[in-house]
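The values are calculated or read from the model by the stated rules, or taken from the named source; none is laboratory data. What you see is a predicted model, and the numbers here were worked out from it, not measured in a lab. Here the Cβ positions follow ideal geometry from the backbone for every residue, glycine too, while neighbour counts run over all protein chains shown.
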Amino acid sequence: MGRALMLCFVVCLSLFVPNINESKYINADHHSWSVFSEQYYHLMEDEKYGLANRMLNNRRAEMEQYINTLSKQHQETFYELIQPIAREQRDISEMEVDKFLFYVETVGNHRPEDFIRNELHSLREHLSQADVPATEVVSHWQSLLPTLKLYIEQEGLDPVSQAIEDYTSSGTLVAKQEIAKQLDKLLDDKSSLIGFDAFLWTAAVIGATILITLIYVGARKYVAEKREKHARDKLNS
């Protein structure tokens with residue numbers, strides 16, 4: 001019985017404690033990747049493309065090692081976003097840089113869902129400015145979209161994308177207000193975010209199932225051993 005409970009404890013603990021080899025990257029990601037993102041952006045802004053490229057190449061191995069511990073979709077998005085900027089050229093678009101840096105800052109954050117929510121709030125506030133051009137709204141949204149798809153269901157993103165497309169075509173205040181409306185819906189709909197809570201519930205259910213199974217097996221074994229001992233004692237008497 002004691003062994004069964006100990007085994008259950010170890011299994012449940014393993015569901016919540018990250019692998020030691022991975023944790024050294026996870027624990028450092030938020031600070032170091034944010035610093036990298038800021039420095040890389042300023043180098044590109046100052047047209048120091050060679051320095052920016054060397055900085056990216058120096059951190060790429062570390063990034064890849066961490067990214068390869070994530071889902072296949074995260075990995076595919078990483079390589080899709082890094083490919084256009086992983087070269088020393090002057091024609092790298094600001095959009096491609098913004099897409100990659102938002103991805104880096106999000107996956108390097110300890111709470112990516114909260115980071116995404118803050119960025120969506122920032123877009124909402126940007127939209128509330130009277131003189132904001134439609135092109136800026138489109139650029140901002142497009143720079144977020146590849147990463148948003150990793151954390152938000154597609155059905156939650158489509159209405160915002162459609163509203164932005166309509167605003168680009170018409171440029172009317174009504175169309176702009178529709179974007180704000182859809183963003184508010186997205187921010188209010190917590191179920192659309194693929195958050196950490198789902199993992200916790202899954203781990204809790206699995207852990208509870210294992211615990212109940214082991215207790216049941218242990219109890220059956222205990223009862224069987226007790227009956228066997230009682231039978232032996234009866235024969236010996």
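What the table shows:
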quantity: Segment 162-182 residues that are in the same structural domain as PRO133 (by TED's automatic domain parsing) and closer than 14 Å to SER128 by Cβ, paired with ones that are part of a helix (DSSP H, G or I) and of a type in the set (Phe, Trp, Tyr) (beta carbon under 6 Å, 6 or more apart); calculated: LYS176/TYR167; ILE179/TYR167
quantity: Sole residue being in contact with a His (Cβ under 7 Å, 6 or more places away or on another chain) and over 29 Å from ASP184 (Cα atoms), chosen from ILE92, ILE67, ILE82; calculated: ILE67
quantity: Residue ID - surrounded by the most Cβ atoms within 10 Å (Cβ to Cβ), chosen from residues in segment 92-109 that are part of a helix (DSSP H, G or I) and in contact (Cβ under 8 Å) with a residue 60 or more places away in the chain; calculated: VAL104
quantity: Test for SER169: is it at pLDDT below 70, of a type outside the set (D, E, K, R) and surrounded by fewer than 14 Cβ atoms within 10 Å (Cβ to Cβ); calculated: no
quantity: Members of segment 110-128 found to be assigned to a helix (DSSP H, G or I) and touching a residue at least 12 places away in the same chain (Cβ under 8 Å), listed by number; calculated: PRO112, GLU113, ILE116, ARG117, GLU119, LEU120, HIS121, LEU123, ARG124, HIS126, LEU127
quantity: Qualifying residue in segment 37-55 (condition: within 22 Å of the chain's Cα centre (by Cα), modelled with pLDDT of 55 or more, of a type in the set (A, V, I, L, M, F, W, C) and surrounded by 14 or more Cβ atoms within 10 Å (Cβ to Cβ)); calculated: no
quantity: Segment 129-148, subset in a helix (DSSP H, G or I) and small (Gly, Ala, Ser), residue nearest to SER169 (Cα to Cα); calculated: ALA134
quantity: Selection within segment 56-68 - exposed (fewer than 15 other Cβ atoms within 10 Å of the Cβ) and either among the hydroxyl-bearing types (Ser, Thr, Tyr) or touching a residue at least 40 places away in the same chain (Cβ under 8 Å) (or both); calculated: GLN65
quantity: Extreme residue, nearest to SER143 (Cα to Cα), among residues of segment 38-53 that are touching a residue at least 12 places away in the same chain (Cβ under 8 Å) and of a type in the set (A, V, I, L, M, F, W, C); calculated: MET44
quantity: Unmet requirement for GLN75, which otherwise passes all of (1) free of Cβ contacts under 8 Å to residues at least 24 places away in the same chain; (2) surrounded by fewer than 13 Cβ atoms within 10 Å (Cβ to Cβ); calculated: (2)
quantity: Qualifying residue in segment 193-211 (condition: at pLDDT 70 or above and surrounded by fewer than 12 Cβ atoms within 10 Å (Cβ to Cβ)); calculated: yes
